[in-house]
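The values are calculated or read from the model by the stated rules, or taken from the named source; none is laboratory data. All of these numbers come straight from a predicted model, not from anything done at the bench. Ideal geometry is used to build each Cβ from the backbone, glycine not excepted, and the neighbour counts take in all protein chains shown. Just the protein is used for accessible areas: all its heavy atoms, side chains included, with ligands, DNA and RNA removed. Shrake-Rupley method; radii C 1.70, N 1.55, O 1.52, S 1.80 Å.
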Amino acid sequence: MLDETPKRFDRIVAILIQLQSKKIVKAQELADRFECSLRTIYRDIRTLEASGVPIYSEAGVGYALMDGYRLPPVMFTREEVSSFIAAEKLMQKFTDPSLGNHYASAMYKLKSVLRSTDKDWLSNIESKIMMQASEPMFNDNSPNTLALLFESIAEEKQIQLLYKTLEAEEASHRNIEPVGVFHENNNWYFLGYCHLRKDYRQFRTDRIQGIKKTDLKFTIEHDSLETFLNKKDQPSPKTKVRISVQKKIVKYLQTEKKYHGFVSEKEVDGQIEMTFMSCDIESGFPRWFLMFGDYATILEPEELKKRTLELLEINRERLLKNS
């Protein structure tokens, strides 16, 4: 009984906030959110009424607060609310379930201070905004990765990770001291000190197959995440690449060209000559080039021409072998 009292108090406060976030709230909607029975919701509503909260109900419709009743003194403009809705959709699709739920709870509080007319306006646009993730950002076995990483960084306690690299056949257990979390190239990453490798490593969240907190404190005073990322972005050896591409194809290369070191382009004899400073003419650039190679020509360097021919020959041999 002693344990239930604080939980009930938190639930009643949360119900009041949700009642302020919409014009009408159904009892079943509240029961689903708090994972309790309708009888419990009816009891909590009566408690709010007994406390002087002006709630009125319509049979078969739901509960509502008398217009004008608000606790928080904060008001937002419609433009501000629009930005919050966009952020909420991003949180739902691009973060883990735990953080998404926390943000949803915060949104109930935000909506609770809106005027009735603004709630109608918000409802009209809310269902018409969608965000689509191109691929899963978290492994099903570790759905609350970001939330645990944030806690670890804030409390300066190590996490235990079950991680599978792209090359490895099996996942390995590691104790990590997370330094920071960042989003790059449509994926979430975190950088941390790996006790297994005795060095700093970068980890991708969708390759984390298990994560849990430990009581072990950090053993190192780490530099800021920005410091490590600036080191990573320091210039590496690059090779000048020039290719000639048919005009009709150039528009399809816009998304990827920057990733491959795009520098400039110009029209030469009806073709588009593109210049790159590539970090990887051994694998990355030639494989990308082969995607549109029947519409393009490599002008320089010779090493890139040779490597592209090697890849074509490997592919040719495999096709012949399996035909």
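Before moving on, here are some points about what is shown:
- Ser112 meets the conditions (1) modelled with pLDDT of 80 or more; (2) hydroxyl-bearing (Ser, Thr, Tyr); (3) surrounded by 13 or more Cβ atoms within 10 Å (Cβ to Cβ) in every case but one. The failed one is (1).
- Flag not set for Asn124, criterion: open to solvent by 80 Å² or more (accessible area, probe 1.4 Å) and assigned to a loop (DSSP other than H, G, I, E, B).
- Candidates are the residues of the range 263-318 that are in a helix (DSSP H, G or I) and either of a type in the set (Gly, Ala, Ser) or at positive phi (or both); the one that is surrounded by the most Cβ atoms within 10 Å (Cβ to Cβ) is Gly293.
- Condition check for Met130: part of a loop (DSSP other than H, G, I, E, B) and either among the hydrophobic types (A, V, I, L, M, F, W, C) or within 18 Å of Glu88 (Cβ to Cβ) (or both): yes
- Figure legend. Inter-residue proximity from the range 108-134: first residues touching a residue at least 12 places away in the same chain (Cβ under 8 Å) and more than 16 Å from Leu65 (Cα to Cα), second residues open to solvent by less than 30 Å² (accessible area, probe 1.4 Å) and assigned to a loop (DSSP other than H, G, I, E, B), beta-carbon distance below 7 Å, spacing 6+ or different chains. Indicated pairs: Leu122/Leu114.
- If the condition is being among the polar types (S, T, N, Q), touching a strand residue (DSSP E or B) at 6+ places or on another chain (Cβ under 9 Å) and surrounded by 16 or more Cβ atoms within 10 Å (Cβ to Cβ), then the range 3-60 contributes Gln18, Gln20.
- Given (1) in contact (Cβ under 8 Å) with a residue 24 or more places away in the chain; (2) part of a loop (DSSP other than H, G, I, E, B), index of the condition Asp140 fails: (1)
- Test result for Tyr69, touching a Pro at 6+ places or on another chain (Cβ under 8 Å) and either hydroxyl-bearing (Ser, Thr, Tyr) or open to solvent by 60 Å² or more (accessible area, probe 1.4 Å) (or both): yes
- Output for the range 138-162, where each listed residue is touching a Ser or Thr at 6+ places or on another chain (Cβ under 6 Å) and closer than 21 Å to Pro97 by Cβ: Phe138, Asn144, Thr145, Leu146, Ala147, Ile159, Gln160
- Any hit, the range 171-187, residues being open to solvent by less than 30 Å² (accessible area, probe 1.4 Å), more than 23 Å from Phe94 (Cβ to Cβ) and not hydroxyl-bearing (Ser, Thr, Tyr): yes
- Taking each residue of the range 270-283 that is without any contact (Cβ under 8 Å) to a residue 24 or more places away in the chain and looking for partners that are outside any strand (DSSP E or B) with beta-carbon atoms closer than 6 Å, six or more apart or interchain, yields nothing.
- Check on Gln209, of a type in the set (S, T, N, Q), within 30 Å of Phe276 (Cα to Cα) and at pLDDT 90 or above: no
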